[in-house]
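Notes to accompany the following structure.
The values are calculated or read from the model by the stated rules, or taken from the named source; none is laboratory data. Bear in mind that the values here come from a model prediction, so they are computed numbers and not experimental data. Glycine also receives a Cβ, built like all others from the backbone with ideal geometry; neighbour counts cover every protein chain displayed. The protein model used for the area step is the full one, side chains on, heavy atoms only, and it has no ligands, DNA or RNA in it. Shrake-Rupley method; radii C 1.70, N 1.55, O 1.52, S 1.80 Å.
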Amino acid sequence: MPTATAVHHRWSDVPSELLTASIARKFITADRMTVARFELTRGGVVPRHSHESEQLTCVMSGSLTFKFDGQQIVVRQGEVLQIPAWVEHEVEVTEDAVVIDVFSPVRQDWVDKTDDYFQKPR
């Protein structure tokens, strides 16, 4: 059921999940989207994966290298990367970074705790 009123969130109140030794995630899910705040340490890797959600990655500080089939895109502070639904991608953290990701529709795999790609062997 859709939210009937505005909801105010503070990142400081959202619990953090340590996904790996170098990747921490906080997220908020609304009716039709998910927004996440990542803190990433240089050398960290988000393993190759895809999802039904379109993704906007806003790099607030640091830099990331996104790897697609035969292509790499470096995204730095103040830049945004748009990733269509179902496009497989991997991320290498090239500088300590803080990132805001926006997904639509909702990242249901996060809500259901079925996003196991961080634990898969590389």
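Could you list all residues from segment 1-18 that are part of a strand (DSSP E or B) and either open to solvent by less than 30 Å² (accessible area, probe 1.4 Å) or not hydrophobic (A, V, I, L, M, F, W, C) (or both)?
E17
Mind listing whichever residues of segment 44-103 are farther than 22 Å from S16 by Cβ, open to solvent by less than 20 Å² (accessible area, probe 1.4 Å) and in contact (Cβ under 8 Å) with a residue 40 or more places away in the chain?
Selection gives H89 alone.
Answer with yes or no whether G78 is assigned to a loop (DSSP other than H, G, I, E, B) and not β-branched (V, I, T).
Spelling it out, G78 is indeed assigned to a loop (DSSP other than H, G, I, E, B) and not β-branched (V, I, T).
Can you name every one of the strands (runs of 3 or more DSSP E) wholly within segment 26-69 that holds 2 or more residues which are under 19 Å from T94 (Cα atoms) and in contact with a helix residue (DSSP H, G or I) (Cβ under 8 Å, 6 or more places away or on another chain)?
So the answer is 45-49.
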